[in-house]
Amino acid sequence: MAFELPKLNYAYDALEPTIDARTMEIHHTKHHQAYVDNLNNAIAGTELEGKSLEEIQKTGSDKPAVRNNGGGHYNHSLFWELLTPGGSKEPVGNVKSEIEKIGGFEKFKEDFSNAAKTRFGSGWAWLVKNADGSLIVSSTPNQDNPLMPVADVKGTPILGLDVWEHAYYLNYQNRRPDYVSAFFDVINWDKVEELYNK
Ligand SMILES: [Fe+2]
């Protein structure tokens, strides 16, 4: 069964003004669709066909087409679920407690924003759950993610921010910092908590 583009739980204009409808539509139907199609092509007839998307990340394939498009499909599928109209403002439950342990919510926002703003070129900022349940902020280049053996910080991603220009350029142009700070208005912290508890 080939991978498919997941449906969004909200309309393309639901995240305005943080993320505009046109950016959402192009990002989902063009960029994400391309990762899905290219991943399916890259794994067709190989030992990766039939593996779960998560398994494919963990295999650490050194084929660029698998790494880039497998990462692209995984990262974007996660990203859409982490967004919600209006956001839920603050972390809850276990994530809230763990964020307290790494300096509190304001410190987290600063660290996560710095990770997003200082990632040179294209990539992602992450909040990662370590094996012992603690949290750490990191970033990866391109479509890499913390599940991949190549990642500097390895663990389970529970929050991610796409800082590729395709994610914000139509609305924010070169103002990545403005996009990063606006992102905090649309985070679905209930979903982050659900991913932490999985
Ligand atoms: Fe993207």
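Some notes on this structure:
- Given +1 at the Cβ of Lys and Arg, -1 at the Cβ of Asp and Glu and no other charges, the dipole of the chain around its Cα centre is 280 debye to the nearest 20.
- Whole-Å distance, taken between Cα centres, linking the stretch 162-196 and the stretch 39-60: 28
- Per residue, the convex hull spanned by the Cα atoms of the chain amounts to 110 cubic angstrom.
- Within a straight-line Cα-Cα reach of under 13 Å, Lys58 can be paired with the following aspartates and glutamates, leaving aside sequence neighbours fewer than 8 residues apart in one chain: Asp144.
- Taking a straight Cα-Cα cut-off under 24 Å and skipping sequence neighbours fewer than 8 places away in the same chain, the lysines within cross-link reach of Lys107 are Lys89, Lys96, Lys117, Lys129, Lys154, Lys191.
- Binning the C-alpha pair distances of the stretch 21-82 at 5 Å intervals from 0 yields a P(r) profile of 3, 19, 30, 23, 13, 7, 3, 0 %, listed from the shortest bin outward.
- The mean sequence distance of close C-alpha pairs (under 8 Å, at least 6 residues apart), as a share of the length of the stretch 93-197, puts its relative contact order at 26 percent.
- Multiplying the residue separation of Ser77 and Phe120 by 0.36 nm and subtracting their alpha-carbon distance yields 13.2 nm.
- Probe 1.4 Å, accessible area per residue of the stretch 21-82, Å²: 46
- Taken along the Cα-to-beta-carbon direction at a fixed 7 Å, the label points for Glu110 and Ala21 span 3.9 nm.
- Accessible surface area normalised per residue over the stretch 139-198 is 41 Å², counting heavy atoms of protein chains with a 1.4 Å rolling probe.
- Percent carbon-and-sulfur accessible area, the stretch 21-82, ignoring ligands, DNA and RNA, probe 1.4 Å: 46
- Multiplying the residue separation of Thr29 and Leu170 by 0.36 nm and removing their Cα-Cα distance gives an extension gain of 49.2 nm.
- Fraction of C-alpha pairs exceeding 20 angstrom in the stretch 93-197: 36 percent, rounded to a whole number.
- Mean sequence separation of contacting Cα pairs (under 8 Å, at least six apart), scaled by the length of the chain, corresponds to a relative contact order of 25 percent.
- Only helices enter this figure: runs of n ≥ 4 DSSP H residues, each worth -39500 (n - 2.57), summed and divided by the residues of the chain, yield -12500 deg cm²/dmol at 222 nm to the nearest 500.
The values are calculated or read from the model by the stated rules, or taken from the named source; none is laboratory data. The structure presented is a predicted model; accordingly, all values stated were derived computationally and were not measured. Glycine gets a Cβ as well: all are built from the backbone with ideal geometry, and neighbour counts include every protein chain shown. The accessibility values were calculated without ligands, DNA or RNA, using every heavy atom of the protein model including side chains. Shrake-Rupley method; radii C 1.70, N 1.55, O 1.52, S 1.80 Å.
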